[in-house]
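**Q** Handing you a structure now.
The values are calculated or read from the model by the stated rules, or taken from the named source; none is laboratory data. Note that the structure is a prediction, hence the values are computed from the model and not measured. The accessibility values were calculated without ligands, DNA or RNA, using every heavy atom of the protein model including side chains. Shrake-Rupley method; radii C 1.70, N 1.55, O 1.52, S 1.80 Å.
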Amino acid sequence: MKKIFIMLCCGAGISSGMLATRTRNAAKDKAIPVTVEARSESEVAEYFSVIDILFLGPHYASQQKEFQKHADRYHIPVMVVPQEIYGRLDGKALLELAIKILKN
């Protein structure tokens, strides 16, 4: 399996940073090669050429179409993190969701 690069778009970064850490830990436990980073909205565009999937915090749901428009050039899916995953900071579930989306 090639290394997966997951980007989380967040505001202040506290919750998304914790979710990124838990996702990295879940990947390590399963020996899945992954890079997971949480970045602010203003930084995301710098990474489109290297990421495989972009997850938006639920508070960015209204901007999903705008992010997707920019990501389409790179064939990157843009998804809103489901509230149940974001609220529980469930890195394992986020990793599973990313793999599922990227396989389709």
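**Q** Could you tell me which of the pairs Lys65/Lys103; Lys2/Lys103; Lys2/Lys100 are separated by over 19 angstrom between their Cα atoms in the structure shown? Don't skip to the end; give the middle numbers.
**A** Numbers: Lys65/Lys103 21 Å; Lys2/Lys103 12 Å; Lys2/Lys100 14 Å.
As for pairs spanning more than 19 Å Cα to Cα, those are Lys65/Lys103.
**Q** Can you compute the equivalent ellipsoid semi-axes for the chain, i.e. the square root of 5 times each eigenvalue of the Cα gyration tensor, sorted largest first and rounded to whole Å? Spell out each step's value before the answer.
**A** On the way: eigenvalues 71, 52, 29 Å².
Here the semi-axes work out to 19, 16, 12 Å.
**Q** Would you kindly find the accessible area of His59, with a 1.4 Å probe and non-protein molecules such as ligands, DNA and RNA excluded, rounding to the nearest 10 Å²?
**A** 100
**Q** Rank these by accessible area, largest first, 1.4 Å probe: Asp72, Asp52, Asp29. Intermediate values should be presented prior to the final figure.
**A** Details: Asp72 80, Asp52 35, Asp29 135 Å².
Largest to smallest exposure gives the sequence Asp29, Asp72, Asp52.
**Q** 222 nm [θ] for the chain, helices only, -39500 (n - 2.57) per DSSP H run of 4+, per residue, to 500? Provide the component values of the computation, followed by the final result.
**A** Numbers: 4 runs with 43 residues, N = 104.
Calculated at 222 nm, the ellipticity per residue is -12500 deg cm²/dmol.
**Q** Sort Arg39, Arg73 from largest to smallest accessible area, using a 1.4 Å probe on the heavy atoms of the protein chains. Before the final figure, lay out the partial values.
**A** Values: Arg39 65, Arg73 185 Å².
So, going from the largest accessible area down, we get Arg73, Arg39.
**Q** Rank these residues by their accessible area, most exposed first, probe 1.4 Å: Ile32, Ile76. Intermediate values should be presented prior to the final figure.
**A** Numbers: Ile32 35, Ile76 5 Å².
Result, largest first: Ile32, Ile76.
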